[in-house]
Amino acid sequence: MDNEIICIGCGAKLQAEDPNKAGFLPTSALNKAIEAEDQEVYCQRCFRLRHYNEIMPVDLNNDDFLALLNSLAEKKALIVNVVDLFDFSNSLLSSLKRFVGNNKFILVGNKFDLFPKNSRQSKIKDWMRQEANRMGLYPEKIFLISAARQKFLDELIEYLNANSQDQDIYFVGMTNVGKSTLINAIIDKMGDIKDLITTSRFPGTTLDRIEIPLDNGHYLVDTPGIMTENQLVAHLDPKDLALVSPKKPLKPATYQLLPGNTLFLGGLGRIDYLKGESTSFTVYAPREVYVHRTKVSNADEFYRKHNGEMLTPPVASKDLPELKGQEFHTTYKSDLLFGGIGFITVPEGCVVKAYTPGQIGLGIRRALI
């Protein structure tokens, strides 16, 4: 009997045997849930996330998640790939074409509200489409939204409504991109149920698919986020994750640099200016990330001495990969990407070396702003 009761927060089957496994609920609470069949029940993990913002570890199996996604090719469905605009290349599901089959899919770029106010939607959408095409992915449409602030959702909801008349809609993506937050926002806009699905800034909140019935007989389906070592969030302690997850639009901070100068983004990013004229670099990063300018010649020693103290974040993450660099030569005004943290706009004609832990999230694009 208890195996048939599902946590409405994360989708896991409720059980009282193992507190380290998904869906755990103390026996007394589980018995109450069995007796009150019509009540909505959250597992202990979801309860603590919702009320105390406290993450409880749980055994996760990525293979189960991938098997669930692989089954999508056999269904008639619209696939919605939710991506983090601040970690686009690592949150885009490059293997999506395998999951999609003959179904259509759309791209939804989350956290658009964190871009500076003068950002042009058309420019960001063009960049997203080009990057997706480069990976062999051809989205039917692209939307920019803010799930957390419930902004820019009307056009997306109208599209989903029109396309859910004869099929279910599956939301897929990497961990921590805001899938569950987006579905909660859609449900909130469409009805009066608030915060049905457990959301948090911690990876791996949704543990099994969650089906939300629509009036037309079809479903919105939230699937578990896929975990990958290529995302910085997979390596960060929750305290550091809170620091690098921006809550307000990123304000540009401009630094005048000469060749031989270094900028640190806390202890999670670094850029060395190697060759070019005296020029300005513009940093777009969360306010909690301490930006420090020094000289390339003493940057290694400065990092060894001050990482985790003056250079924060990290403040709590242990065993992060060593900073590893890659050289870039800008032939036009470019954004150097520090996936999961932010970006730095660099003029054309500069030679720079950018670093992140293990080169995670490093990239370059034509400047969007």
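Each value in this text was obtained by applying a stated rule to the coordinates, not by laboratory testing. No experiment lies behind these values; they were computed from the predicted model shown. Here the Cβ is made from the backbone with ideal geometry for all residues, glycine too, and neighbour counts use every protein chain on show.
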Count the net charge of all other residues whose Cβ sits under 11 Å from the Cβ of Phe264, scoring Lys and Arg as +1 and Asp and Glu as -1. +1
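What is the dipole size for the chain, taken about its Cα centre, with +1 at each Lys and Arg Cβ and -1 at each Asp and Glu Cβ, in debye to the nearest 20? Working shown, then result.
Working: 43 positive and 45 negative charges, 367 e Å.
Value, rounded to 20: 1760 debye.
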Roughly how big is the range 253-366's charge dipole about its Cα centre, with Cβ charges of +1 (Lys, Arg) and -1 (Asp, Glu), in debye to the nearest 20? 100
Rounded to two decimal places and with Rh computed the Kirkwood way over Cα pairs, what is Rg over Rh for the range 209-355? 1.10
Checking every Cys Cβ in the chain against the others at 4.7 Å leaves as unpaired Cys10, Cys46, Cys350
For the chain, max minus min Cα coordinate along each principal axis, in Å, sorted largest first? 71, 42, 33
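Rounded, prolate or oblate: pick one for the range 247-331, where a ≥ b ≥ c are the square roots of the eigenvalues of its C-alpha gyration tensor, a/c under 1.5 means rounded, and failing that, prolate if a/b is larger than b/c, else oblate. Provide the component values of the computation, followed by the final result.
Values: a/c = 1.86, a/b = 1.25, b/c = 1.49.
Oblate shape, in that a/c is at least 1.5 and b/c is the bigger or equal ratio.
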In the structure shown, of Lys123/Lys251; Lys111/Lys305; Lys21/Lys104; Lys151/Lys333; Lys123/Lys151, the pairs separated by more than 26 angstrom at the C-alpha atoms are Lys111/Lys305; Lys21/Lys104; Lys151/Lys333
